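Right, one structure below, let's go through it.
The values are calculated or read from the model by the stated rules, or taken from the named source; none is laboratory data. Remember, it's a predicted structure, so these values are computed and weren't measured experimentally. FYI the Cβ positions are ideal-geometry reconstructions off the backbone, even for glycines, and counts take in every protein chain you see. Quick note on the areas: whole protein, heavy atoms, side chains included, nothing else; ligands and nucleic acids left out. Shrake-Rupley method; radii C 1.70, N 1.55, O 1.52, S 1.80 Å.
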Amino acid sequence: MKKPHFQLRRRGLWLSAMAAVLWYGGSAAAAELSVCIDSSSPTAAMNTSIAQAAAAQEGSTLHVHEFDGSGDDEGLGPKQFEQLAKNSCALVLGFPIDADEQSVPAGLQATTAYGHTGFVLVTAGNSKAVTLDELPRNSEVAVTYMTTPNLYFASHPGLQADVHVTDGDSLKALETHKVGAAMLWQPTVVRFLADRHEAARFSYHELHEPHAQFNLVALYDSSHAPAAAAFEQAIAALLRSGALAKMLAPYAEVGAAQPAGYPRSTTLWRSARHRRIERTCGTTAASARAAAPPPALYTEAQAASGRQKFEDNCAQCHGPTLEGRAGPALKGPNFANAKSDFHVSDI
């Protein structure tokens with residue numbers, strides 16, 4: 001007896017469904033976009049919004065693995081990011097890459113930059129200064145210890161460094177009028193001003209100095225190249241719709257390079273190469289600095305301030321003369337001892 005036509009059709013649908021189950025490894029679940037997001041970053045919410053929008057664009061379910069990027073006093077090292085990208089997620093979102101160097105942690109690759117941010121000059125709202133050269137001579141400028149802007153005082157000897165241990169301390173020095181300006185990470189400044197509803201009291205402008213500008217990318221291991229490619233396509237669509245710029249603001253602007261297929265006529269994308277030209281040729285002062293010999297790494301005032309900071313915060317562990325105690329020596333034969341498999345590059 002022949003089976004009715006609808007029974008054959010139903011059996012065909014059942015076979016198709018079984019084939020789909022086998023093809024997807026035993027489950028017919030939708031594809032997944034797996035991302036790592038630094039919960040300690042001021043851009044955590046922004047990165048989450050971008051991940052959600054990219055997953056929706058791809059038609060994928062989103063899995064977010066949060067990690068604490070603040071780590072210990074030294075933060076997370078390159079090897080830890082490599083472990084995240086290999087073991088915890090397909091993409092590590094919001095990783096900043098120096099626009100002047102374009103280097104990524106060893107063993108990893110980076111997507112096309114989708115955001116652009118960096119260090120900014122922050123001043124009181126009534127200040128007309130938008131560059132370091134425009135600040136009054138002998139101005140005290142707050143900076144955070146071990147951040148890139150500490151180096152800019154050598155190129156601007158008319159400014160005085162006011163070094164603080166944390167970004168919060170640097171911002172408080174500006175907020176309480178102890179200093180007239182500060183050089184800080186833009187997303188941190190945005191979060192600080194938003195939390196205090198004080199955006200109108202201050203203004204900030206990007207620094208046109210070496211290693212001040214950064215591109216935001218997603219890091220990935222080569223085994224996750226398909227996920228990276230799908231993410232880039234989703235980002236290109238979000239850019240075309242204008243959604244990407246809205247999600248990035250005010251922490252960052254759209255990225256420094258164009259994804260494949262996006263019209264080159266757009267004015268939204270910012271070129272890292274163009275930024276380097278601006279820094280070296282934009283003004284006579286900038287050109288003179290570019291042509292001059294490399295400056296000293298620090299001033300006498302910075303050295304005295306650094307000594308005091310070391311005595312207050314570090315000497316108990318590293319010794320008053322850097323000889324080492326509970327913490328390792330910072331000079332002499334025991335510093336970066338190759339026999340202990342410890343090298344300067346580890347720092």
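Yes or no, residue by residue, for (1) over 27 Å from S49 (Cβ atoms); (2) in a loop (DSSP other than H, G, I, E, B):
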site	(1), (2)
E101	yes, yes
A106	yes, yes
T117	no, no
S127	yes, yes
D133	yes, no
R137	yes, yes
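Tell me yes or no: at least one residue of the range 124-139 is closer than 23 Å to S41 by Cβ and of a type in the set (S, T, Y).
Taking the range 124-139 as the starting set, the residues that turn out to be closer than 23 Å to S41 by Cβ are none.
No, because not a single residue in the range 124-139 is closer than 23 Å to S41 by Cβ and of a type in the set (S, T, Y).
Out of the residues in the range 248-264 that are hydrophobic (A, V, I, L, M, F, W, C) and modelled with pLDDT under 55, which is most open to solvent (accessible area, probe 1.4 Å)?
That would be A260.
Residue-level check: of (1) open to solvent by less than 10 Å² (accessible area, probe 1.4 Å); (2) under 18 Å from H205 (Cβ atoms); (3) in contact (Cβ under 8 Å) with a residue 60 or more places away in the chain; (4) outside any strand (DSSP E or B), A85 misses just (2). From the list A225, A229, A194, A245, the lone residue that is among the small types (G, A, S) and closer than 17 Å to P42 by Cβ is A194.
Can you pull out every residue in the range 305-334 that is part of a loop (DSSP other than H, G, I, E, B), in contact with a helix residue (DSSP H, G or I) (Cβ under 9 Å, 6 or more places away or on another chain) and modelled with pLDDT of 80 or more? Lay out the reasoning, then the answer.
Taking the range 305-334 as the starting set, the residues that turn out to be part of a loop (DSSP other than H, G, I, E, B) are 314, 319-334.
This time we only want the ones that are in contact with a helix residue (DSSP H, G or I) (Cβ under 9 Å, 6 or more places away or on another chain), so: 320-322, 324-330, 334.
Result: P320, T321, L322, L330.
If you take the residues in the range 139-156 that are part of a strand (DSSP E or B) and β-branched (V, I, T), which one is nearest to R201 (Cα to Cα)? Give the derivation first.
Keep residues of the range 139-156 that are part of a strand (DSSP E or B), which gives 140-144.
Those left that are additionally β-branched (V, I, T): 141, 143-144.
On the way: V141: 17, V143: 19, T144: 21 Å.
Step by step, filter the range 139-156, then rank; the result is V141.
Scanning the range 155-180 for residues that are β-branched (V, I, T) and in contact (Cβ under 8 Å) with a residue 60 or more places away in the chain gives V163, V165. Inspect all residues belonging to the range 134-146 and state whether any of them is of a type in the set (K, R) and under 25 Å from D98 (Cα atoms). No, every residue in the range 134-146 fails to be of a type in the set (K, R) and under 25 Å from D98 (Cα atoms). Number of residues in the range 208-217 that are open to solvent by 10 Å² or more (accessible area, probe 1.4 Å), in contact with a strand residue (DSSP E or B) (Cβ under 9 Å, 6 or more places away or on another chain) and in a loop (DSSP other than H, G, I, E, B): the value is 2.
Taking the criterion of being surrounded by fewer than 21 Cβ atoms within 10 Å (Cβ to Cβ) and at pLDDT 90 or above, the only residue of the range 186-197 that qualifies is R191. Annotation: of all residues in the range 117-131 being open to solvent by 10 Å² or more (accessible area, probe 1.4 Å) and either within 20 Å of S305 (Cβ to Cβ) or in contact (Cβ under 8 Å) with a residue 24 or more places away in the chain (or both), the one that is nearest to the chain's Cα centre (by Cα) is F119. Within the range 90-104, residues that are in contact (Cβ under 8 Å) with a residue 24 or more places away in the chain and open to solvent by less than 30 Å² (accessible area, probe 1.4 Å) sit with their Cβ atoms under 6 Å from residues that are part of a loop (DSSP other than H, G, I, E, B) and not aliphatic (A, V, I, L, M), at 6+ positions apart or across chains, in these pairs: G94/T43; D98/H211.
Is it fair to say A182 is open to solvent by less than 50 Å² (accessible area, probe 1.4 Å) and part of a helix (DSSP H, G or I)? So A182 fails the test.
Conditions tested, residue by residue: (1) touching a Cys at 6+ places or on another chain (Cβ under 6 Å); (2) open to solvent by 20 Å² or more (accessible area, probe 1.4 Å); (3) of a type in the set (F, W, Y); (4) modelled with pLDDT of 95 or more.
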position	(1), (2), (3), (4)
N150	no, yes, no, no
V165	no, yes, no, no
G168	no, yes, no, no
A199	no, yes, no, no
Y204	no, yes, yes, no
L219	no, no, no, yes
A229	no, yes, no, yes
K246	no, yes, no, yes
